[in-house]
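In what follows, a single structure is set out as structure tokens and then discussed.
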Number of protein chains: 6
Amino acid sequence: MSFTRLDGRRHDELRPVTITRNWLDHAEGSVLVEFGRTRVLVAASVTVGVPRWRKDSGLGWVTAEYAMLPRATHTRSDRESVRGRIGGRTHEISRLIGRSLRAVVDYKALGENTIVLDCDVLQADGGTRTAAITGAYVALADAVANLRSRGALKGNPLKDTVAAVSVGYAGAQPLLDLAYEEDVAADTDLNVVMTGSGKFIEVQGTAEGEPFSRDELGVLLDLGELGCRQLTAKQLEALA
Amino acid sequence: MSFTRLDGRRHDELRPVTITRNWLDHAEGSVLVEFGRTRVLVAASVTVGVPRWRKDSGLGWVTAEYAMLPRATHTRSDRESVRGRIGGRTHEISRLIGRSLRAVVDYKALGENTIVLDCDVLQADGGTRTAAITGAYVALADAVANLRSRGALKGNPLKDTVAAVSVGYAGAQPLLDLAYEEDVAADTDLNVVMTGSGKFIEVQGTAEGEPFSRDELGVLLDLGELGCRQLTAKQLEALA
Amino acid sequence: MSFTRLDGRRHDELRPVTITRNWLDHAEGSVLVEFGRTRVLVAASVTVGVPRWRKDSGLGWVTAEYAMLPRATHTRSDRESVRGRIGGRTHEISRLIGRSLRAVVDYKALGENTIVLDCDVLQADGGTRTAAITGAYVALADAVANLRSRGALKGNPLKDTVAAVSVGYAGAQPLLDLAYEEDVAADTDLNVVMTGSGKFIEVQGTAEGEPFSRDELGVLLDLGELGCRQLTAKQLEALA
Amino acid sequence: MSFTRLDGRRHDELRPVTITRNWLDHAEGSVLVEFGRTRVLVAASVTVGVPRWRKDSGLGWVTAEYAMLPRATHTRSDRESVRGRIGGRTHEISRLIGRSLRAVVDYKALGENTIVLDCDVLQADGGTRTAAITGAYVALADAVANLRSRGALKGNPLKDTVAAVSVGYAGAQPLLDLAYEEDVAADTDLNVVMTGSGKFIEVQGTAEGEPFSRDELGVLLDLGELGCRQLTAKQLEALA
Amino acid sequence: MSFTRLDGRRHDELRPVTITRNWLDHAEGSVLVEFGRTRVLVAASVTVGVPRWRKDSGLGWVTAEYAMLPRATHTRSDRESVRGRIGGRTHEISRLIGRSLRAVVDYKALGENTIVLDCDVLQADGGTRTAAITGAYVALADAVANLRSRGALKGNPLKDTVAAVSVGYAGAQPLLDLAYEEDVAADTDLNVVMTGSGKFIEVQGTAEGEPFSRDELGVLLDLGELGCRQLTAKQLEALA
Amino acid sequence: MSFTRLDGRRHDELRPVTITRNWLDHAEGSVLVEFGRTRVLVAASVTVGVPRWRKDSGLGWVTAEYAMLPRATHTRSDRESVRGRIGGRTHEISRLIGRSLRAVVDYKALGENTIVLDCDVLQADGGTRTAAITGAYVALADAVANLRSRGALKGNPLKDTVAAVSVGYAGAQPLLDLAYEEDVAADTDLNVVMTGSGKFIEVQGTAEGEPFSRDELGVLLDLGELGCRQLTAKQLEALA
């Protein structure tokens, strides 16, 4: 297909991806991840011990919180701290990131340690949740390495890697890694979270406009698999 | 396959489904929907006018709110009104229900009217969100009929029907319409929202245990299509 | 007196009262109580142990929470969970229900167990608080029976029964068990909570219009006693 | 009866009552009211205009807010502003005060003006709500006089006076105007709000211990009438 | 200088200051402090024990909370408890008062006791935070004396006294102890908190209009020192 | 003096200061400002119009919000959005930043436009509020230039520049621009906000340990003037 996009990409091409490790000095793992102009700062914080409901289980815990700076977007949004409540979208994405990372964690090997992944969107241009997941895996790997270097782990708590990408249909045209304007225009939007070994952790497809057929879903899943494979390579390269 | 479930169902069998219309006296549409022991009361409330951001657009609006009574579940949960904040799960499901119904609404034909779908879970035994969506469509249809009977509509704002069902893997066994204990045990959990014409509005699959393969996803989608087709028939029967 | 009401009742006649036990599968006691079109679902939840301030006292605790579904009423109200705070009316009624039930509880016989009575108004047509109290007594009795059947109680923690009814003046006309439209029109509104043995637990009279005289108060108390006696009979019949 | 109380009062004797007008410099009406050691500061604030739901009705509005300073009581309580929510008791009393005062207001004569009565308990020793109502009437009268002196009123918006007192049973002994320790020990607690012309605005009786009989209620109402008559005299004296 | 102010004071003259001890019956220390028409009620509450983060340190704790009654000001403000959140100004002043008092406390001598200083503004006419600090010192001294009389202290936890005053520039004219109207008109506003021994605990100067020079700051500090010296004398007199 | 600090600085030496303009793509002005390891992202957002209370005045408005990412600090802090309320420190600093910038703004020249300065601390190592003010001035200048380039301004709304620095005493040693560990150890902490023309906008000095003398205050003000002068030069260089 010879469809060309606003930024000149092919329909099956990722935006330039940058993963900068150790962007912060205090956090046990930290990554500035960029998918084009989307820029997410991920900090992994390790604490000894687990939430009360998990105490004395011998098992660890991993969780995530997602948020956007007020001027990450084209026009300024009010802070959720000022409004006094967290919006539904924020909740939904925080939960998605946490679930995605937990899918590759061996809690027993982690022991009774907790890792919190704070994903703060400094600039948003579509795909903030998929960039957050992709970056969070790297920050998590660094936090795990930190624990290991302190002799706090028995085995390797990471069973696999995790990457995520968005795909969608703009009219009849399937697109990989949607930028904000493409996302707004898309009829269908699918977020795919995959392991490095090629299995699905999460598939979330929504018809924003026209409902989609089983065949169309298949095309999007193909594209998502392609994107996740490339992102996995970027992660391994960054961690090398 | 001859797998038998706790409640004696076949792996590809829905629980008994009951849709009772006009359960309430005041609401423009109301349905008590039951998927086995899961019992959701849906009330559709019509108001003339739309939210401020949509004024003078000539377009209508449909939205949903989901909640659980504190003792809907096996053990009592605190009320979200008492805690002073809505949890992430509640937010996430409210948004899913709203999106699902909006996918079949022609806003122009609805005109500047708003329909709110309140889905309150009186008893929960798995599948509360899919029961809510399935019941909400019927309540919505009644509310639309009410508007139409008052001469408030130009055309038909409902372009299609909507039904939803959960499917999942318990080990190697794919299951349709998971009850609570099955859901807890499932490795993979997929919620499928479909139109009566057989297209997808939403597909949300999550690996709670092991990540799933593309083939396994295919099997679950087959089961989901089967379930939605049967639920659509139940809806039409109830509305007849 | 031959005064006839909107729904054809005599001035001293209750609406049809229905008490359906075991409406829920999980709760230790549950009742759907109906005073005409007013419909309240009461769930009694038992937990072992008591709130911190009562620990090691050997005494139990009973409390109640009251709430309305958003479309219980003629026009939809916002959810208190969404507004992030509980309104004064909700607080006031929750406290009234709790006090009313506690008046017949022998905490020593209950032992260090807590029973929470959740009273959720599914449909409101006046008298929701009196219906809630009347139904809550039956749910409480079932929860106590449940505890007893488990051998968790030494004696009988219920010293008496409790029922409640509203009475009021519409102009010069005293009325028993006011429906919503009667309540709105009433000058004086009195809620009476009584034990089965004919004593008062709570008397709350308010002049919504004209202040009332001592004689008028007497007439209302007579009517309230009459209504409570009949409701007590209904409760015993349901529990038989 | 020759029963003597902790502070030496007869059973049917009020505590020393002081009503100090114009305790504040800015408020249109202000009163420091004292029932023994109970000390409530009431400020009446007048604003031109009424809440939105009452606009263009030609009718005024009167409302009240009750609160306690954190160290009004024997041990310090947390501030409701710090906890971020208003408790049920505060809500309940604010509503009671507002209703009580509104019962003697002619909204037409008040015109589209709003009067807010802030009742802040500086020191609590039982009877804070009845002291608040009794003081609030005087502050309201001063605020009305202020409006009248500005030529903002057509007629007299006050149809009667309002006073309130608590009565109760300590064992077999009926008591007027309960101090804190008496209130704690009382079996039955009744708040009576009356007009100067001897009619009831509100009667709220609660069995804290043993339920009470119709005869016992009669004795308490007699005492309450006696107390309100004396408080009315105090109010008129203060306003003279 | 012969500048005369609205209330006839010289530029370097305090308003009449009154410090009334034991204004409340329950609190371990309590003061009604008046700077002209500004009237603040301070209650000092002692509790045995310290916040969790300070346990088993052997050290005590002192903290403060500041608030205004809704009609302390010229026009009524909404209650922070009703709005459900504490405003920035309230937070800021509470923190200032706490810091100021803590500066003269010897935590070791206080032992594991906590003293909370509640400063509630009954009427505001400028300088509420400085009046609060000045009054809070006296209430704190009384609370400490109370602890000492109970034999709960080893030594004297008060190393010095604390007083505070506001100073400012109205145009070219420096003024001591600004009343509300002067404060509104001032270009620069400086709050000075000093010990009885003449050292600074806190200096907070803000240019509301024109930025100020080093020389102007010097003039204001001179005035502030003068005012604090006089307030210290008033405190000692009150405590004598 | 030859005192040497942890990071090798002289007592009167600033940390390395970096001001990176246009760090964001959407905001009208944006700066990443670094004082050593302290890193604050400032975004200036322009909106046409002013808050309601300022409408039709012909005057503009400038305000600021300060916040910290949860892992900006050595150990993770909970998000204020999650806790549902903004802490006192955050409120206090937001107000300080807003006041500081407003001191150099000519509202008339700004016209009815609003500029919000969001200062988000990405990493904290002491001096976050002074870095925020220093960076916010540059972001504000860029936002003003943006407005001017659109022809939206009549004159120059910036009357001067603003910079800020912290100074303090570590024992007998005065220090400029305190890093976190120095701040924790300091007896006295002074934040100085100055204009480029050498006048004070805000002076906030606090005795964390020992109260300070007038002479010691003088030494700190000298150091603060020195630091602000150097920061002003950095700002002008960045804007050149």
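A few notes on this one:
- Residues in segment E:89-141 that are small (Gly, Ala, Ser) and farther than 24 Å from E:ASP78 by Cα: E:GLY98, E:SER100, E:ALA103, E:ALA109, E:GLY111, E:GLY135, E:ALA136, E:ALA139, E:ALA141.
- Among all positions in segment B:46-61, there is at least one residue which is more than 13 Å from chain A (Cβ to nearest Cβ), assigned to a loop (DSSP other than H, G, I, E, B) and of a type in the set (A, V, I, L, M, F, W, C).
- Residue check for A:VAL192: within 14 Å of chain B (Cβ to nearest Cβ), touching a residue at least 24 places away in the same chain (Cβ under 8 Å) and touching a Leu at 6+ places or on another chain (Cβ under 8 Å): yes
- Among the conditions (1) open to solvent by 10 Å² or more (accessible area, probe 1.4 Å); (2) touching a strand residue (DSSP E or B) at 6+ places or on another chain (Cβ under 8 Å), the only one that C:GLY218 does not satisfy is (2).
- With respect to the stated conditions, E:ARG85 is charged (D, E, K, R), facing another protein chain (nearest Cβ under 8 Å) and open to solvent by 30 Å² or more (accessible area, probe 1.4 Å).
- A single entry from E:ARG39, E:ARG76 fulfils the requirement of being out of contact with any helix residue (DSSP H, G or I) (no Cβ under 6 Å at 6 or more places or on another chain) and part of a strand (DSSP E or B): E:ARG39.
- Residue match in segment B:177-187 (condition: in contact (Cβ under 8 Å) with a residue 40 or more places away in the chain, within 14 Å of chain A (Cβ to nearest Cβ), of a type outside the set (A, V, I, L, M) and within 25 Å of A:GLU216 (Cα to Cα)): no
- Sole residue being open to solvent by less than 10 Å² (accessible area, probe 1.4 Å) and within 14 Å of chain C (Cβ to nearest Cβ), chosen from D:VAL162, D:VAL138: D:VAL162
- Scanning segment E:28-53 for residues that are open to solvent by 10 Å² or more (accessible area, probe 1.4 Å) and either basic (Lys, Arg) or farther than 23 Å from E:GLY127 by Cβ (or both) yields a count of 11.
- So E:ASP183, is it closer than 21 Å to E:THR18 by Cβ, open to solvent by 30 Å² or more (accessible area, probe 1.4 Å) and not in a loop (DSSP other than H, G, I, E, B): yes
- Residue within segment C:54-70 that is surrounded by fewer than 16 Cβ atoms within 10 Å (Cβ to Cβ) and of a type in the set (S, T, N, Q) present: yes
- Helices (runs of 4 or more DSSP H) wholly inside segment E:86-174 containing at least 1 residues that are in contact with a Pro (Cβ under 8 Å, 6 or more places away or on another chain) and in contact (Cβ under 8 Å) with a residue 24 or more places away in the chain: E:107-110, E:128-149
Table: residues versus (1) open to solvent by 10 Å² or more (accessible area, probe 1.4 Å); (2) closer than 27 Å to A:ASP25 by Cβ; (3) over 9 Å from the mean Cα position of the chain (by Cα).
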site	(1), (2), (3)
A:GLU92	yes, no, yes
A:ILE115	no, yes, yes
A:VAL121	no, yes, yes
A:ILE133	no, yes, no
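- Restricting segment D:231-240 to residues that are at pLDDT 95 or above and open to solvent by 20 Å² or more (accessible area, probe 1.4 Å), the residue that is farthest from the other protein chains (Cβ to nearest Cβ): D:GLU237
- Considering segment B:153-196, the residues that are among the β-branched types (Val, Ile, Thr) and touching a helix residue (DSSP H, G or I) at 6+ places or on another chain (Cβ under 9 Å) include one that is farthest from B:ALA136 (Cα to Cα), namely B:THR188.
- Candidate set: segment A:211-230, residues that are at the interface with chain B (Cβ under 8 Å from one of its Cβ atoms) and among the aliphatic types (A, V, I, L, M); chosen: the one nearest to A:ARG95 (Cα to Cα): A:LEU221
- Taken together, the criteria exclude A:GLU80 from residues that are open to solvent by 30 Å² or more (accessible area, probe 1.4 Å) and more than 8 Å from chain F (Cβ to nearest Cβ).
- Scope segment D:10-32; condition more than 10 Å from chain E (Cβ to nearest Cβ), assigned to a loop (DSSP other than H, G, I, E, B) and in contact (Cβ under 8 Å) with a residue 12 or more places away in the chain; matching residues: D:HIS11, D:ASP12, D:GLU13, D:LEU14, D:ARG15, D:PRO16, D:ASN22
- C:GLU208 vs. criteria open to solvent by 60 Å² or more (accessible area, probe 1.4 Å) and either within 13 Å of chain D (Cβ to nearest Cβ) or under 15 Å from D:LEU217 (Cα atoms) (or both): yes
- Set B:SER197, B:SER149: member being out of contact with any Cys (no Cβ under 7 Å at 6 or more places or on another chain), open to solvent by 20 Å² or more (accessible area, probe 1.4 Å) and within 12 Å of chain A (Cβ to nearest Cβ): B:SER197
The values are calculated or read from the model by the stated rules, or taken from the named source; none is laboratory data. Keep in mind the model is a prediction, meaning the values are calculated, not measured. Note that each Cβ is placed from the backbone with ideal geometry, even for glycine, and that neighbours are counted across all protein chains shown. What goes into the accessible areas is simple: the full protein's heavy atoms, side chains included, and nothing from ligands, DNA or RNA. Shrake-Rupley method; radii C 1.70, N 1.55, O 1.52, S 1.80 Å.
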